[in-house]
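Here is the structure we will look at.
Read the figures in this text as sums done on the coordinates, not as results from a lab. These figures come from a predicted structure and were not determined experimentally. Note that we place each Cβ from the backbone using ideal geometry, even for glycine, and neighbour counts take in every protein chain shown.
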Amino acid sequence: MILKGKAWKFGDDISTDHIIPGRFYHLRSNLDELKKHVLEDIAPDFYKKISRGDIIVGGRNFGLGSSREHAPLIIKLAGIEAIVANSFARIFYRNAINVGLAAIICSTDDIKEGNELEIRLDEGILDNKTSGKKSSFSPLPAIMRKILDEGGLDSYIKRHGSLRI
């Protein structure tokens, strides 16, 4: 599985409240409207700027805060293909995989906003096509890649009946 997209760079400690501010809680059953507010408090008009397949690049502790599945879900619904970060909050990381959003733990220090990235999930390679620099990461376990291939845990279980490791 190969993911390609433009990098959108964010810093450390991006919380679920940064991803989807609590004032939009009332939109949680209207995901088409909710996704338009993704990261708007720290990146105004972010939803209008991104293209399908783009990649969010974070620093340390991406996704800290509440355990709401809406945070990674609206990132995915907005068209983001993956998040690459130095580290993730544990619950956010698992929620991202469960909703079908690739979450890659890899050094992001040398990635700049606008860089074109290619992520080879099976090989554990992040190729910065802009700078020419390649970084390695631990490839996702096979079951996680299967969940991503199916579009998320719900789709995987509907198709296969249960998790098969």
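So the values come out like this:
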item	result
Least to most buried among Lys36, Lys129 (fewest other Cβ within 10 Å first)	Lys129, Lys36
Per residue convex hull volume, Cα atoms of the chain, in Å³	103
Total charge dipole magnitude, the chain, about the Cα centre, Cβ charges on Lys, Arg, Asp, Glu only, Debye to nearest 20	340
Sorted by Cβ density within 10 Å, fewest first, the residues Met144, Met1	Met1, Met144
Exceeding the 25 Å Cα-Cα cut-off - candidates Lys4/Lys133; Lys48/Lys133; Lys36/Lys133; Lys36/Lys158	Lys48/Lys133; Lys36/Lys133; Lys36/Lys158
Partners for Lys76 among aspartates and glutamates (Cα-Cα distance below 13 Å; same-chain residues under 8 apart left out)	Asp32, Asp54
Shape of the stretch 21-89, Cα gyration tensor, a/c cut at 1.5	oblate
Cα gyration tensor shape for the stretch 82-165, rounded if a/c is under 1.5, else prolate or oblate	prolate
